[in-house]
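Below is the structure I would like to discuss, written out as structure tokens.
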Amino acid sequence: MTNTDFLIIGGGPAGLMAALSASEFGLEPLIIDENQAIGGQLIKQTHMFFGSKAERAGTRGFEIGLELEQEIGKRSIRIERQASAVGYYPDGTVAVLQNEKVTPLKPKAVLVATGASENFVSFPGSDLPGVYGAGAVQTLMNVYGIKPGHRVLMVGSGNIGLIVSYQLMQAGVQVKAIIEGLPKIGGYLVHASKIARAGVPILTRHTILNALGEDMVSGAVISKIDDKWQTIEGTQQTLEVDTICLAVGLSPLTELLWQAGCQMNYIPELGGQVAWHDDLMMTTVPGIFTAGDVTGIEEASTAMLEGELAGLGAVKFLKGDSKDLQSRINDTACRLAGLRAGPFGQKAREGKCKLAECKR
Amino acid sequence: MKKGPVVIVECFQEIPCNPCETSCPRQAISVGDNINALPQVDHHKCNGCTVCVSRCPGLAIFVIDVAYSDAESAVTMPYEFLPLPEKGDLVAALDREGKECCRAKVIKVVNTKAQGKTPLVTLAVPKGMETDVRSFKLAS
Ligand SMILES: Cc1cc2nc3c(=O)[nH]c(=O)nc-3n(C[C@H](O)[C@H](O)[C@H](O)COP(=O)(O)OP(=O)(O)OC[C@H]3O[C@@H](n4cnc5c(N)ncnc54)[C@H](O)[C@@H]3O)c2cc1C
Ligand code: SF4
Ligand code: SF4
């Protein structure tokens, strides 16, 4: 592994778009990703994506990943696979672990686009084999072609819970129910509708009380809850399932940003602790950029545009401003604002506003 | 509506999305500059070609033809499950809640490369049921 001016940590949609936009203006970035396959979350998304044509809407997620990888192949962009950034040192050195060997890199600019990790909920039996995170189920099914079980209870009705349920049904797995603690479905209604019309009940104001089983999951007890999340006596029911899938949110993967000493702020709307950043995604540490789910849980489409901005930000930081660069930045910022303009973008808008006000 | 196949867009929530608009060769659907706006259909422009049906990531677009025959209407829907039915199959038609609402006959199955793995299935349903039928179950 050789050094680079611009190191991109994480080869998801954010990191890949950052590499492409930076290379448009002459940078030669290095992307490292701990996985073998490039594309981050995209590689397991077999469904068509929403968004605008410019962000490849209507294309299936994994195909977006393949398209980006192809474009990268045509440019002066290097990719190192199965390479993890394991530490950030005060002098600006990033330690990269690959093949049991650590290489110190000292780039002039870094983009941390490490994505997010799944949240978990605990309940009696939640440690039994057969309780999975939705991401794990998706990886098993769509990357390795393995059915996680035969009868599934899905916990969480956000877009991830809905789309993973749909993908389970496509794989021939029976989804017994989707339960949601809040009074309304969290994800897009169009996703929910395609599940409902295939006959899967989506039960709002319901929670899981416990998993049944000795050596593995053999069932789940669920019940109705009131608006204080208290179970309503007499509404318990047992579902015969062998798999319980948790889709209860994501949290930004921010370790490297903490180590680098970036100012971190707790913004619930963005999914937890995130690094303060300016309009070009630069953190409070000059030269360290952040983009995608690590700076607020959103969508691949917004992650791609944030990545683009971060790539352009790195160009500005390393090579200075120019008229072309500025008009490119304006265009990307405008498209990003457009995607966030609707009711589903409200949380991200509010979160980013709050974050902007946190500068100390 | 009486003249032949026509598009029905069941997308009632403002989400950032517009492949319906960009895929229609006749500009019959518009979302506009605000990509979060709801799609608007111009039924005068739509000829029911079904191109948009397999391009909608929400699988929220259907084409219905009330003039299919004297007793039946045709409903074209996206269907991403295996096994695919075959023309001539009898199936149990499902409504929006997944409840069986009538029997239906498969009259067309289209699965070309251009559809990007979202096959289209057209069912003949009893007249009047075209507003209810949105999915189906292979009869067992
Ligand atoms: C089930 C599911 C369905 C979704 N559906 C949609 C959808 O329909 N439309 C949509 O727009 N979005 C969707 N999303 C969201 C979308 O996938 C994410 O918002 C997007 O992938 C975030 O991109 P990212 O680049 O920030 O992170 P990621 O895609 O998570 O990529 C981060 C990458 O960084 C790597 N990495 C992390 N830490 C390190 C390290 N220390 N060293 C090296 N590499 C590291 C990871 O391995 C990963 O490859 C979905 C997500 C899920 C889970
Ligand atoms: S059915 Fe054809 S003409 Fe009608 S809206 Fe769809 S793509 Fe356009
Ligand atoms: S493509 Fe489908 S989901 Fe997207 S806006 Fe159009 S109708 Fe709605």
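The values are calculated or read from the model by the stated rules, or taken from the named source; none is laboratory data. Computed from a predicted structure; not experimentally measured. Ideal geometry is used to build each Cβ from the backbone, glycine not excepted, and the neighbour counts take in all protein chains shown. Ligands, DNA and RNA are stripped out before the accessible areas are found, and what is left, the full protein with its side chains, is counted by its heavy atoms. Shrake-Rupley method; radii C 1.70, N 1.55, O 1.52, S 1.80 Å.
Yes/no per residue for (1) under 26 Å from A:GLY61 (Cβ atoms); (2) open to solvent by 30 Å² or more (accessible area, probe 1.4 Å); (3) more than 14 Å from chain B (Cβ to nearest Cβ):
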site: A:ALA260; (1), (2), (3): no, no, yes
site: A:MET264; (1), (2), (3): no, no, yes
site: A:GLU269; (1), (2), (3): yes, yes, yes
site: A:GLY292; (1), (2), (3): yes, no, yes
site: A:LEU318; (1), (2), (3): no, yes, yes
site: A:SER322; (1), (2), (3): no, yes, yes
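Sort out which residues of segment A:48-74 are within 12 Å of chain B (Cβ to nearest Cβ), away from ligand 1 (no atom under 11 Å from the Cβ) and of a type in the set (A, V, I, L, M), and write them in order of number.
Correct list: A:ALA54 only.
Right, here's the next one. Could you list, in sequence order, the residues of segment A:338-358 that are under 19 Å from the mean Cα position of the chain (by Cα) and loosely packed, with under 13 Cβ neighbours inside 10 Å?
Matches in segment A:338-358: A:GLN346 only.
Just give me the residues in segment A:131-179 being more than 13 Å from chain B (Cβ to nearest Cβ), under 16 Å from A:LEU246 (Cβ atoms) and either in a loop (DSSP other than H, G, I, E, B) or within 16 Å of ligand 3 (Cβ to nearest atom) (or both), in sequence order.
A:PRO148, A:GLY149, A:GLY156, A:SER157, A:GLY158
Further question on the same structure: How about segment A:86-124: which of its residues are hydrophobic (A, V, I, L, M, F, W, C) and open to solvent by less than 50 Å² (accessible area, probe 1.4 Å)?
Once the filter is applied, which keeps residues that are hydrophobic (A, V, I, L, M, F, W, C) and open to solvent by less than 50 Å² (accessible area, probe 1.4 Å), segment A:86-124 yields A:VAL94, A:ALA95, A:VAL96, A:LEU105, A:ALA109, A:VAL110, A:LEU111, A:VAL112, A:ALA113, A:ALA116, A:PHE123.
Of (1) open to solvent by 60 Å² or more (accessible area, probe 1.4 Å); (2) within 16 Å of ligand 1 (Cβ to nearest atom), B:LYS3 satisfies all except one. Which?
(2)
Residue-by-condition table, conditions (1) open to solvent by less than 20 Å² (accessible area, probe 1.4 Å); (2) more than 10 Å from ligand 2 (Cβ to nearest atom):
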residue: B:PHE12; (1), (2): no, yes
residue: B:CYS20; (1), (2): yes, no
residue: B:GLN27; (1), (2): no, no
residue: B:ASP33; (1), (2): no, yes
residue: B:ALA37; (1), (2): no, yes
residue: B:CYS46; (1), (2): yes, no
residue: B:THR50; (1), (2): no, no
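Given the conditions (1) part of a strand (DSSP E or B); (2) surrounded by fewer than 19 Cβ atoms within 10 Å (Cβ to Cβ), which single one is not true for A:THR235?
Only one criterion is unmet by A:THR235, namely (1).
Residues in segment A:238-258 that are over 26 Å from A:ASP33 (Cα atoms), open to solvent by less than 70 Å² (accessible area, probe 1.4 Å) and in a loop (DSSP other than H, G, I, E, B): how many?
2
Filtering segment B:94-140 down to residues that are part of a loop (DSSP other than H, G, I, E, B), within 14 Å of another protein chain (Cβ to nearest Cβ) and among the β-branched types (Val, Ile, Thr), which residue is surrounded by the most Cβ atoms within 10 Å (Cβ to Cβ)?
Going through the qualifying residues, I end up with B:VAL133.
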